[in-house]
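The values are calculated or read from the model by the stated rules, or taken from the named source; none is laboratory data. Only a predicted model underlies this, so the values are computations on that prediction, with no experimental measurement involved. Note that each Cβ is placed from the backbone with ideal geometry, even for glycine, and that neighbours are counted across all protein chains shown. For the accessible areas, the whole protein counts, side chains as well, though only heavy atoms, and no ligand, DNA or RNA atoms are used. Shrake-Rupley method; radii C 1.70, N 1.55, O 1.52, S 1.80 Å.
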Amino acid sequence: MKIQLRYNLFGILIFITLNSAGQIYRSAASKVNDLVHTRLYLHFNYSKCYVYGKAWLTIKPHFYPVDTLTLDAKGMDLENISILEKGHLIPLKFSYDSSTVSIRLNRLYHRNETYIIYIGYTAKPNSLKVNNDAHGMYFINPTGSEKGKPTQIWTTGEPDYNSAWFPTIDQPNQKCTDEISLTVPAQYITLSNGQLAMQTKHPDGTRTDTWKMKLPQAPYLFMVAVGNFQIVRDNWHGKDVDYYMEPQYAANAKRIFGYTPEAMTFFSKILGVDFPWNKYAQIRVRGFNGGMENTTATEFNEDGQSSPRELADLPYQSGNVHELFHQWFGDYVTCESWSNLALNESFADLGEILWAEYKYGPDVADEHMYQGEQGYLNNPERWQENLVRFDYTKKQDMFDGVTYQKGGRILNMLRHYLGNAAFYKGLHIYLTAHAFGNADAEQLRLAMEDASGLDLNWFFNQWFYGSGHPVLDITYRWDNATRTQSIFLKQTQAGQTFTLPMAVDIYVNGRKIRHQVRMNSRSDTLTFHVPEKSDLVNVDAEKVLLAKKNDHKTLSEFAFQQTHAALYVDRSEAIDAAAANQTDSIAQHILVKALNDPYYGLRIKAMQSLDPVNQNIKTAAAPVLLRLATKDTSNLARAEAILTLVKLKISGHNDVFKQALVYSTSFAVQGAALNAIELTDPKDAFTLAKKYEKGSKGKLRDAIVTIYCQSGGDAEWPYVYHTFADPASPLQYTFTGRFASLAGTVTNPVFAQQGIQAIEDLVIQLRKYDKLSVFIGVINRVKVDRLKLNDNASSAFADQVINRLKALAMVSSK
């Protein structure tokens, strides 16, 4: 390890530590100056996508005297920087490198003084040569030239993108109050943080809205949105809860967001801290990727503007509560540095689990938890990353499956270890101690220790500051002579040895006995005296360990577990074991039984596990599948049953598929039915696709696009293109190859070039530069197909797009 010695502008020695790979130790940003208040006046040039801004920043030295101020200000024209002194603006000297501006103050300021900096500027977020998600502010269809797309402006600031539209100290450990005035065309609605304090109409057809945020927040949480929105009003304990929707979707707003007040009550109760802000607004905007927890004003992408038919196909809603839980974890208390991002995002992920458990029951919560765990485990390239990382290369690298899925499950393990009462008390201590401030993981540990009275260094050391996860090998031995049940546990992973508290359930003669045990070493043997050979030994009986388990149970034991152990993962493990041994009669019994599981998610898993070449499985499953395909109360399970009937080649049910297509109101069921018909009668499916094209959404739209990509031509191109080019379409990434096939074979070269352009836009939108060679290969296939049609213009356009993507990838890697 090398140490570099440097001196800061006050001549104070500071340390920047480099590890052996040359990566800088990512400490929290030094607080030389503190933001106190930010006042912004903004108006917009829609044709140029410019922001004309005036900023008044109230600032004070953090501790040491200062005569210099450094602000983040990306790609701006800085027209005037002055200090406000006795009501007069005194111009200041500054230097600017297009990213940060260093301002020489008019004198030395001490920590008991504040000063106000005025900056007149023009921000040009669209002109920034950065990744598509780093512009900070987005102009959507600014000139209104794109038919069917609304004109909108919106912002998203995490981790440090808001300094593309206003100058600030763009660090998570800065917090200030703010006032933002927006002058916009009078027909538009605006949204920002805090309270709408004033609206002033102007003779030129514009209006100025002034929003005031009276409680401090981090700069990355500032937001503005402008557009033609309809506001649907709700409330929680006298506080406004508003849903901003495009007018055509407003009637569905309470179906989409209506559980928000209930969730606010739930989180306030378990945390012992009422929702801390003056309001909570949620807005759907075009072209946004995901959700952003701006204080009091959360943004979501437009694909959640769903109809009742689409909502009926959702298993449950948890993403919205992810952003709601951030209003406490991330907004009210903010990570002091991006190294500690887990204090924001891991908690938001946990919020999804807690809400699912409360609202929808343990099966839904456990499935959500299990799927997130598998998402982490199936990405081994992230296994070497600590949850708290001080050596990341880019801030954006922190937003990964370790911070989200793994971190949420680590917190859930801590909840189970401490128990709900102690865990929630610890969260209360943490939130109240750091309210409207910042924290790091050590302060979370201290709060949990204060609440529980337990030392938790071991837990935080292995899970927060260590990497990886246990790989646990579990074997069993019954000694009939001594009436002894032995369990042999062995951790086989590379790296650290984990301390693992866990529950072990032993089932004997219909009775379950629970033992709380603790694995402290690489190998451990647990021994229990029982009157008879157990029917089942269930290690990690609460199913909360974040671990990969190789559990050497017999199929008979898994069958017993499926029936007698109540949790989702218990039954899921039985299905997994049976799926790997489908020639065994016990395995077949497990799978057929799982088709009748009370939870639709496990019914679906069982259907997806069935071996299509196993005749015994087909015979036993056929009547159950037919019943599920016609009568299952879950749209998703019914759709899966239709597809499984076809997968298993259980013939003679085209009438069932056509009835589902005609009479079901579920897009998922209709889509499955159309896919099933396509596999048995492609011509009929093509005709039906034409009939159901209008108004199709979700899985029905997916099925139609699949059919058109395989069998369509120029007449079908507009439908396929507009579906694929829609940034909210879930088809884009998974259907790119099929979309490219159609782009390669359409007659009209204009269509081909539209397709090539849409693929380029997809790469930019999703930032799939790590998959660039795959996308270039797809575009090259289109090029080859176009050359076969003597379409040299489209071939040349394909080369241009490939060169642009290569250049963009190089910029992104820097």
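Odds and ends about this structure:
- Taking the listed residues Ala728, Ala660, the one that is of a type in the set (A, V, I, L, M) and at pLDDT 95 or above is Ala660, with no other qualifying.
- Within the set Phe498, Phe460, Phe464, the sole residue that is within 30 Å of Asn340 (Cβ to Cβ), modelled with pLDDT of 95 or more and in contact with a Pro (Cβ under 6 Å, 6 or more places away or on another chain) turns out to be Phe498.
- With a requirement of 1 or more residues that are without any contact (Cβ under 8 Å) to a residue 24 or more places away in the chain and of a type outside the set (Lys, Arg), the helices (runs of 4 or more DSSP H) lying completely within segment 234-339 that satisfy it span 253-257, 260-271.
- In segment 778-804, the residues that are touching a residue at least 40 places away in the same chain (Cβ under 8 Å) reach residues that are open to solvent by less than 80 Å² (accessible area, probe 1.4 Å) and of a type in the set (Asp, Glu) with C-beta atoms within less than 6 angstrom, at least six apart or across chains, in these pairs: Val801/Glu760.
- Within segment 649-679, restricting attention to residues that are more than 38 Å from the chain's Cα centre (by Cα) and polar (S, T, N, Q), the residue that is farthest from Glu310 (Cα to Cα) is Ser651.
- Residue list for segment 468-505, restricted to those being open to solvent by less than 10 Å² (accessible area, probe 1.4 Å), part of a loop (DSSP other than H, G, I, E, B) and β-branched (Val, Ile, Thr): none
- Taken across segment 430-444, residues that are within 27 Å of Thr492 (Cβ to Cβ) and either of a type in the set (D, E, K, R) or open to solvent by 20 Å² or more (accessible area, probe 1.4 Å) (or both) do not occur at all.
- Some residue of segment 687-696 being without any contact (Cβ under 8 Å) to a residue 24 or more places away in the chain, open to solvent by less than 50 Å² (accessible area, probe 1.4 Å) and under 36 Å from the mean Cα position of the chain (by Cα): yes
- Where strands (runs of 3 or more DSSP E) fall wholly inside segment 63-160, the ranges with 1 or more residues that are farther than 30 Å from Lys394 by Cα and open to solvent by 70 Å² or more (accessible area, probe 1.4 Å) are 76-85, 88-91, 93-96, 100-109.
- Positions within segment 522-547 being surrounded by fewer than 20 Cβ atoms within 10 Å (Cβ to Cβ) and out of contact with any Leu (no Cβ under 9 Å at 6 or more places or on another chain), in sequence order: Arg522, Thr527, Phe528, His529, Val530, Pro531, Glu532, Lys533, Asp535
- Where a residue in segment 185-210 is over 13 Å from Ala225 (Cα atoms) and surrounded by 11 or more Cβ atoms within 10 Å (Cβ to Cβ) and its partner, wherever it lies, is of a type in the set (A, V, I, L, M, F, W, C) and modelled with pLDDT under 95, with Cβ under 8 Å and at least six apart: none
- Test: residue in segment 85-101 that is touching a Leu at 6+ places or on another chain (Cβ under 9 Å) and under 29 Å from Thr200 (Cα atoms): no
- Of the helices (runs of 4 or more DSSP H) lying entirely inside segment 639-742, those containing at least 2 residues that are closer than 24 Å to Val763 by Cα span 698-711, 717-725, 731-734.
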